[in-house]
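Laboratory data are not the source of any read-out in this text; all were calculated from the coordinates shown. Owing to the predicted nature of the structure, the values given are computational and were not obtained by experimental measurement. Cβ: placed from backbone, ideal geometry, glycine included. Neighbour counts: every protein chain shown.
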Amino acid sequence: MKGVTLRSFVHPDFHLHSPGLSNQKPNRNMMSMRKILATAALSLLCTTLAVAQNKQAEEADAAYKAGQYFNAIEMYKKAYTSEKKASEKAILIYKVAECYRVLGDAPNAQVWYEKANKAQYTDPITYYWIGEALKEQGKYAEAISAYNKYKEKNPGDKRADASLAACQLAQTWKDSPSRYTVDPEVLLNSPQYDMSATFSVKKNDEVVFASSRPASTGTETDGIAGESYLDLFASSRDKLGKWSEPVKLPPTINTPAHEGSATFNAKRTVMYFTRCEHEKKKAFGCEIWMTKKVGSNYSEPEMLVLHAAAGKLDTNQYKLGQPTLSKDDGIMVYASNQKGGQGGKDLWYIRLDKDGKPTGTPTNLGPEINTKKDEYFPFLRENGNLYFSSDGHPGMGGLDIFAAEKTGDNTWGHVENVKSPINSSGDDFSIIFDGAEEKGYFTSNRPGGKGQDDIWRFMMPNLEFALQGTCYDKLTGNVLPDTKVEVVGTDGSSFSALTDANGGFVFAEKGKDRYIKENTSYTIRASKDKYLVVNDQITTVGLNESTTFAKEYYLQPVIENKGIPLPQVLYEVDKFDLTQAGKDSLETLYNTLVENPTIIIELRSHTDSRNTRTYKGGNMELSQKRAQSCVNYLVTKGIDPVRMVPVGKGATEPIVTDKEIKAMKTKEEQEAAHQKNRRTDFTVLSFDYVPKEGGTPSPNQ
């Protein structure tokens, strides 16, 4: 029975005799107590299918109506062996499949629906339920195929469209999980059912949770599920994070009935919990009870009346439970199938008085939160946001956990699936957060646990960022020791270091902190005497994975009388006016002047060896005018003209000589060589310029 989810024991949906409940989707790949106890009898089964004529089939139907699904399965199988009519055999096979479905045993449900198809069962609904069973097992591609078959056979049923969309969405979430990590809380779990942890002390290092482990009160076994009734247990966590052996709460709390889904007020002096009475294997309703905590003891519980306005509800029909309180203890949100909801089980809230008791009339949370299906297990975070589980909002298979923003006074909206890995194709529910931190616990029957439903922990790992790199000489490629690397963050932080003997630097851990933080941008400056500065930027804004920024910075050495090349600054033939392309090329020099605010340069323009036809001074005059045009442009961008000395070099410093050009075989090669000689470069004359206050423009201004 691995995987049966026992959450129905502690929420208001046992034995709700409503035909519509038979169409609720099952849970994951094993038996689900939500199905066992929430659907009480797919009474629809006995009203939409022909009632079997043989006595064994009638007994099976009676067991099914009573909610004895395990017994019904065996009875239907025996009835099948004695049935001779093929059409009746197909119906009995289908009924077995329905039993497995209501139990949430998806693999067996799939097998028996497929058997029903082979037996010529006439209703194509089998294909839809096969799709649901496959989805519960996380087999989304196969489920899509089954839904498409159902659409072919019954195109008018829109359920298949919604399920197809849900599968596609679930696969996307599975392929791109959030940063949360999840692990089973082994020391709290048992081979039985363990669920719905809640913090019971202000330090949040003690929890109370529900369990059906052997230590549970009473000797009876629940006739529907074949399990012990749930009790509340407590466990505390030591400084090393190890949980103590769970201890059952005192008899004032635990009874032979089911107890579960508890919560505490802010001071942790009052506990509210769910109790579901039973008598001789007959389940009644669920109610919310209240008890005062004194040390490790509890007062005699008192049942709360949350429906006074409607009069005393018939607890055989209406159920309520799973309380959670607002941070100020003024509001209780809970789950109930009481009248006036959106359908199925809904979330409601009611105000509490100064004594912590309900006052006034319950209010439904409305259609943005509640659906026509079921919403359970509410939890209010410290920031007022609401978390809950639902099988009505688009999910990954079974119950999924959803988050809703607080939008006003006791209103919530913008519902979002919390996605994988917190949600899975199984049942995921009953989430709690450890204060304002992004960690806590939830319940799941996914694979990897210890028993049936298990308590899992989740946390958002810290994003860890680092900056490391190496500085080099741009000309030689040699590493540059003792280069100063300065970093300034948009959060106001600043730090620096000198590169080591290998030219390397690292900014990672800073004691218990880190240099590079989340959602921050950083400006980096690498500088060394007699080298031009290199500036860079990194940002962690929008990053959701830990990242180490690896950088290589090549610093340009300043060598006397050696020009530093610039991107090609082009001119029209025999002209000195800058083209737009020429202006764009000067951006490199502009940024260099801004990043090195103390340098004074000689800006030099060169021509090829071919004579100009326009200027009497020849190429020297043309190159001088070109150099001056560069200076003039940079002045318009805010560079002080005293920092730039324009010099025309004409054809006196060719990169490729005329002799070398003449030896080239093609005109294309020769023209390319002439183009290399037509260039603009600069040399650094000094580092003596004193910037004017407020007069240094920003790069790329």
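Tell me the label only: which of (1) 1.42; (2) 0.96; (3) 1.03 is Cα Rg over 2.2 N^0.38 Å as calculated from this structure?
(1)
For segment 62-146, what is Rg from Cα atoms divided by 2.2 N^0.38 Å, rounded to two decimals?
Values: Rg = 12.8 Å, N = 85, 2.2 N^0.38 = 11.9 Å.
Rounded to two decimals, the normalised Rg is 1.07.
Between residue 525 and residue 475, what length comes free when the chain is fully extended (0.36 nm per residue of separation minus the Cα-Cα distance, one decimal in nm)?
Full extension from residue 525 to residue 475 adds 16.1 nm.
For 585, 430, what's the fewest-to-most ordering of other Cβ within 10 Å of each Cβ?
Lowest count first: 585, 430.
How long are the semi-axes of the equivalent ellipsoid of segment 465-555, defined as square roots of 5 times the Cα gyration tensor eigenvalues? Whole Å, largest first.
24, 13, 12
Against the empirical 2.2 N^0.38 Å scaling, what ratio does the C-alpha Rg of segment 564-686 come to?
On the way: Rg = 14.7 Å, N = 123, 2.2 N^0.38 = 13.7 Å.
Here the answer is 1.07, to two decimals.
In this model, which of 203/357; 84/118; 202/327 are farther than 19 Å apart at the alpha-carbon?
Checking Cα-Cα distances, 203/357 exceed 19 Å.
I'd like the GluC sites (Glu not before Pro) in segment 518-627 restricted to DSSP loop residues with at most 11 other Cβ atoms within 10 Å, sorted by number.
545, 560, 572
Sort 324, 614, 666, 540 so the one with the fewest other Cβ atoms within 10 Å of its own Cβ comes first.
Numbers: 324 25, 614 11, 666 8, 540 19.
Exposure proxy ranking, most exposed first: 666, 614, 540, 324.
Taking the Cα centre of each part, how many Å lie between segment 92-149 and segment 547-571?
68
Given only helices, namely DSSP H runs of n ≥ 4 each adding -39500 (n - 2.57), what is the per-residue ellipticity at 222 nm of the chain, to the nearest 500 deg cm²/dmol?
-7000 deg cm²/dmol
Measure off 7 Å from each Cα along the Cα-to-Cβ vector at residue 180 and residue 658, then give the distance between these two points in nanometres to one decimal.
7.9
Taking each pair of distinct Cα atoms in segment 181-459 once, what is the resulting Kirkwood hydrodynamic radius in Å? Each step should come with its number before you reach the end.
Details: mean 1/r = 0.0534 Å⁻¹.
Over segment 181-459, the inverse of the mean reciprocal pair distance is 18.7 Å.
Fewest Cβ neighbours within 10 Å first, please rank 393, 414 accordingly.
Listed from fewest to most nearby Cβ atoms, that is 414, 393.
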